[in-house]
Amino acid sequence: MTEQPPTPRPTSERHVPVLLDRCISLLEPGILAGIEARGIAVVIDATLGMGGHSEALLTRYPQLHLVGLDRDTQALALAGARLERFGERFHPVHTVYDKIALALETAGFDYADGVLFDLGVSSFQLDERDRGFAYSYDAPLDMRMDSTTGPTAADVVNNYSLDELTQVLRTWGEERHARRIAVAIVERRDVTPFATTGELAQLIIEAYPRGTSGGHPAKRTFQALRVEVNDELRVLERAIPAAMDAVPVGGRVVAMSYQSLEDRIVKRFFADGAKSTAPPGLPVEPEETKARFKVISKGTERPTEAEIEENSRAASARLRAVERLRLPVGTGSTKGKK
């Protein structure tokens, strides 16, 4: 008798949202201000995933409309089924998270009272073995968040030059042994091209210096390849300012990152927005040079031990948030739904 595959668990059981209560508490003032001013509020979940944060927000605030972005069509389908009961209050958009202005226009809005980012690879993508994100499973070497388009990790590994591979591993993975691993990859692919995650992970284990600490030897290489395949950090460089531009006075942007490169980008844009641009020594600061945002998170916020125990993937999460203080001088107030 053929063994049947296990029945997939409901989406709500497969995903534990990271820092859920804290994310909601940070977004809440902007949501309530929007409801008071316009009768509704709008939040963008820029990295929808399986919809855990979105479900909680839509449940708590009946006047909330949520625009959910994801480049992963499978994730959109799962989240769509999970959030179907909210009807026209949920607006799914298949796009990359730097296309915030376009997503708002598609959903029929010209503002967002809050924007939430939960960056990096999702639990769904890690758990789907055939997506090739995890070095612990032998699967096709893919790693695309949008599996309908673009080059795969196999394309990168098999076609980049030695110098290009070294740069990817060193820059996106912060891998100390980038050159050594790249040399081993090039030597191996000249004999047999890479096709699976297992082949690549085993080669990295063999190439890595013995006795090196810091977790699985393939961890940083797999991170680097995923970032390269999905252009994640360049997208993030565009996405954070787009999110900050989308919120009105009192609106908030909340971002969770899981590796230092992401967190540095978020921190830089948030810090720049919270700075005055006035020259030193002015007796009165002009309105146009005052800080546009204020940082409202308490430094870099981290999950509690209880949260990590419930969801081990939350352990590396770093949370930051800002609130808009003023619009650019000369612009009108942000409008509501078109």
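The values are calculated or read from the model by the stated rules, or taken from the named source; none is laboratory data. The model shown is predicted, which means the values in this text are computed figures rather than measured ones. Using ideal geometry, Cβ is built from the backbone for each residue, glycine included, and neighbour counts are taken over all protein chains shown. All accessible areas refer to the heavy atoms of the entire protein, side chains included, with ligands and DNA or RNA removed. Shrake-Rupley method; radii C 1.70, N 1.55, O 1.52, S 1.80 Å.
Summary table below
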quantity	calculated
Top-ranked residue of region 222-264 - restricted to ones that are part of a helix (DSSP H, G or I) and of a type in the set (Gly, Ala, Ser), ranked as farthest from residue 104 (Cα to Cα)	224
Some residue of region 245-264 being touching a helix residue (DSSP H, G or I) at 6+ places or on another chain (Cβ under 7 Å) and among the basic types (Lys, Arg)	yes
Hits in region 162-197 - residues which are part of a loop (DSSP other than H, G, I, E, B), farther than 21 Å from residue 234 by Cα and small (Gly, Ala, Ser)	195
Sole residue being under 21 Å from residue 256 (Cα atoms), touching a helix residue (DSSP H, G or I) at 6+ places or on another chain (Cβ under 8 Å) and either modelled with pLDDT of 95 or more or among the basic types (Lys, Arg) (or both), chosen from 57, 83	57
Cβ pairs under 6 Å, 6+ apart, first in region 29-42 and under 18 Å from residue 108 (Cβ atoms), second of a type outside the set (Gly, Ala, Ser) and assigned to a helix (DSSP H, G or I)	41/31; 41/35
Residue count, region 12-60 (criterion: open to solvent by 20 Å² or more (accessible area, probe 1.4 Å) and either within 16 Å of residue 100 (Cβ to Cβ) or of a type in the set (A, V, I, L, M, F, W, C) (or both))	9
Pair list, Cβ under 6 Å, 6 or more apart: region 212-224 residue in contact (Cβ under 8 Å) with a residue 12 or more places away in the chain, other residue surrounded by fewer than 23 Cβ atoms within 10 Å (Cβ to Cβ) and of a type in the set (A, V, I, L, M)	217/205; 218/201; 224/168
Region 203-221 - residue that is among the polar types (S, T, N, Q) and not in a helix (DSSP H, G or I) and, of those, surrounded by the fewest Cβ atoms within 10 Å (Cβ to Cβ)	213
Matching option when the condition is surrounded by fewer than 23 Cβ atoms within 10 Å (Cβ to Cβ), at pLDDT below 95 and aliphatic (A, V, I, L, M), among 121, 156, 168	121
Long-range neighbours under 9 Å by Cβ, at least six apart or interchain, first residue open to solvent by 50 Å² or more (accessible area, probe 1.4 Å) within region 128-142, second of a type outside the set (D, E, K, R) and at pLDDT below 80	140/132
Residue satisfying all of: in region 222-262; in contact with a Gly (Cβ under 6 Å, 6 or more places away or on another chain) and buried (at least 23 other Cβ atoms within 10 Å of the Cβ); nearest to residue 315 (Cα to Cα) among these	223
All helices (runs of 4 or more DSSP H) inside region 39-151 with 2 or more residues being charged (D, E, K, R)	52-60
Checking residue 146 against (1) open to solvent by 10 Å² or more (accessible area, probe 1.4 Å); (2) over 21 Å from the mean Cα position of the chain (by Cα), the condition it does not meet	(2)
Qualifying positions in region 265-298 - in a loop (DSSP other than H, G, I, E, B), over 19 Å from the mean Cα position of the chain (by Cα) and closer than 21 Å to residue 118 by Cβ	296, 298
